[in-house]
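One structure below.
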Amino acid sequence: MSTKTRARRRTPKSATTPAPRLTLVDLRRPLPVRRIVGPPNTAQLAEARAALASAMARLPIPVLAWHATGNRAYARLTDGTLLTHDGDHTPLFTAWTPCPNGAHHATTVTNPSTLHTARMAALDCTDTHGTPIPDPPATPIVRTLADTQPLNVTRLRNEQTKEHPQT
C-alpha cells in the first residue's frame, strides 16, 4: 500500500569535510623545470654529486651553493670555510677552515659533527705555521738615501778612487 516516501536526511557538508589547507605553492600548475639541452658536462655532474653527497651527509649547505671547476666542486660557507668535494659518489669532503694566524687547516669531513670539530680546531689554533716572528733588533737600523737608490755599476767603474784632501 504505502511506499516509502520519506526523504533521507543528509548531514551538512561542513561537518564532515575539513576545510582545505592553504599552501604557499600553487600546485594546480606544474612548477618550472630547469632544462639542460644535451648531456650534462663534467662541472654540472660534479655540482650535482656534491649537492647529493652533502644532503646524504646532512651538512647544512644549500644546493645552489655548490660550484664546480672540472671534476672538483666547492662551496664557500658563511664563516669563510671552503668545502671541496672530488666529484665522486662518496660523501667525503675536505674543509679548509681559516685560523686566526692566517693559515687554512685541511680536515676531512663526513658529517656535521666533524665539520664543527674542524671549525673549532681552527679557531683554537695557536701555531705560527712556520713563519717565525723575528725578534726586534737591539739597535734601530738606520738607512740612508744611498741605500734606497739603485746601484749604478757603470758609473762606479768609470769613477776612479780619489784621495781625500787633507788640510
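Values quoted throughout were computed directly from the atomic coordinates according to the rules given, and no laboratory measurement underlies them. Since the model is a prediction, treat every value here as computed from it, not as a measurement. Because the Cβ atoms are built from the backbone with ideal geometry, glycine has one as well, and the counts that use them run over all protein chains shown.
Can you give the Rg to Rh ratio of the range 40-126, both from alpha-carbon atoms, with Rh computed by the Kirkwood formula? Don't skip to the answer; put the middle values down first.
Working: Rg = 12.7 Å, Rh = 12.9 Å.
Computed over Cα atoms, the ratio is 0.98.
In nm, to one decimal, how far is the modelled label at Thr78 from the one at Thr90, with both set 7 Å along Cα→Cβ?
Result for the modelled spin labels: 3.1 nm.
Taking H as built 1.01 Å from N, whose amide H comes closer than 5 Å to the amide H of Val109, not counting residues under 5 places away?
Here the answer is Phe93, Thr94, Ala95, since their amide H atoms fall under 5 Å of that of Val109.
How much net charge surrounds Thr84 when only other residues with a Cβ under 13 Å from its Cβ are counted (Lys, Arg +1; Asp, Glu -1)? Let's see the in-between values first.
Values: positive: Arg49, Arg72, Arg76; negative: Glu47, Asp86, Asp88.
It works out to a net charge of 0.
Grab the Cα-Cα distance for Met120 and His67, subtract it from 0.36 nm times how many residues apart they are, and report the gain in nm with one decimal. Mind showing how you got there, number by number?
Values: separation 53, 0.36 × 53 = 19.08 nm, distance 2.52 nm.
Going from the current span to full extension adds 16.6 nm.
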